[in-house]
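Structure first, commentary second.
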Amino acid sequence: MLKGAPWLLAHRSMLEIDKPYKIGLYGKDYVLWQDKKGKINALSNICPHMGAMLSAGWCTVEKDDTSKIVCPFHALEFDGDGRTILPGTNRETQPQLEPLELIVKGDFIWSYGDYEPKIEIPQILEEIAGQYNFIGHTADTSVETDLRSMLLIMHDYNHQNGTHRDLFEITEVRFDRFIDNGYHSEAFFNTPTAPKTFWQKLKQPNQFLLPDVIQAHLENYFPSLVVLHSSSPFGKIAQCHLFVPESATKTRTYILLFGEASNPLAKLFKNQFLDISKVVIEQDTDILQKIYADAPQKIRLNNEVGMDWVKRNFSTWQKVPE
């Protein structure tokens, strides 16, 4: 599961004030919550009394606007350091839960899962946030697949006209080039879509958001982030696709969407842009459930360089890739 990599656990917008939020990382579950001051806490999700899920509980707000997480079973309250007061004692205990170390950079909540960092947190998300408007998050999904399999399909540039045929009606993938910089890479390709009349688009309004030829620029930060830089008739889009290894057999994925409008109508289509991103995740998730994981690959297609990049970085993890 590539221990020592940074993982984006959430965008701040995904955490409601004083509401528990459950995440998984490296086979452990944690509860996150944000108080009114903007402080973000993360504790093991297992109550040390009888094992109830703290994420199924609620938060209590203190006079100084900090908050505690409350166990749904016996209403024990735990502060951000994992301390509680046992009923009838009025004495605060020593920490009973291990906090998860977080690195909060603006609205982005990162963690190394308490392992020694092996690579740095990429700066691209902060750069995108400074240049684009945040549209929203979507498709927060746990998939029954290992991280490697998830990343392979995301870097398979030939699957656009198969997996995503119903959404984009892509007719072919015209691959341009791949730039390999170790744990960072870039891919450029164009994907023409089937021609449609105005009336055909009217039956599928999302088609108005898509150009006749999708010019894709993928910026890849191994192992946790793929950024799709693209354009639509309404402006520029930066679709940030995140991955988190919840366990050896389960991977979480979600999308953060940013945009720069060139058309005053762009705001009216905010939800449609998010819907398209959600369908992309749903289709990728669906195809992962229809693949025999141990099947030998007897055929290679052109432009599998992205998949080769993923395989190499897995095999050379914690070493300097050539």
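Return yes when Leu152 is in a helix (DSSP H, G or I), surrounded by 15 or more Cβ atoms within 10 Å (Cβ to Cβ) and at pLDDT 80 or above and no when it is not. Against the criterion (in a helix (DSSP H, G or I), surrounded by 15 or more Cβ atoms within 10 Å (Cβ to Cβ) and at pLDDT 80 or above), Leu152 qualifies.
Scan the stretch 172-183 for residues that are part of a strand (DSSP E or B) and farther than 19 Å from Phe314 by Cβ and the total you get is 5. The conditions of being more than 19 Å from Gln96 (Cβ to Cβ), among the charged types (D, E, K, R) and open to solvent by less than 10 Å² (accessible area, probe 1.4 Å) are not met by Asp18. Mind checking which residues of the stretch 35-56 are open to solvent by less than 10 Å² (accessible area, probe 1.4 Å) and either without any contact (Cβ under 8 Å) to a residue 24 or more places away in the chain or within 19 Å of the chain's Cα centre (by Cα) (or both)? The answer is Ala42, Asn45. Pairs meeting the criteria (first residue in the stretch 302-315 and surrounded by 20 or more Cβ atoms within 10 Å (Cβ to Cβ), second residue small (Gly, Ala, Ser), beta carbons under 6 Å, at least 6 apart or on different chains) are Gly306/Ala187; Trp309/Ser185. Only a single item in (1) open to solvent by 20 Å² or more (accessible area, probe 1.4 Å); (2) over 15 Å from the mean Cα position of the chain (by Cα) is not met by His164, and it is number (1). Using the structure shown, decide if Ser142 is within 17 Å of Trp309 (Cβ to Cβ) and either at pLDDT below 85 or in a strand (DSSP E or B) (or both). No: the conditions fail for Ser142. For the stretch 182-191, the set of residues classified as surrounded by fewer than 17 Cβ atoms within 10 Å (Cβ to Cβ) and more than 22 Å from the chain's Cα centre (by Cα) consists of Asn190 only.
The values are calculated or read from the model by the stated rules, or taken from the named source; none is laboratory data. Because the structure is predicted, anything quoted here is derived from the model rather than measured. Neighbour counts are summed over all protein chains in view; Cβ atoms, including those assigned to glycine, are modelled from backbone coordinates with ideal geometry. These area figures cover heavy atoms from the full protein model, side chains too; ligands, DNA and RNA do not enter into them. Shrake-Rupley method; radii C 1.70, N 1.55, O 1.52, S 1.80 Å.
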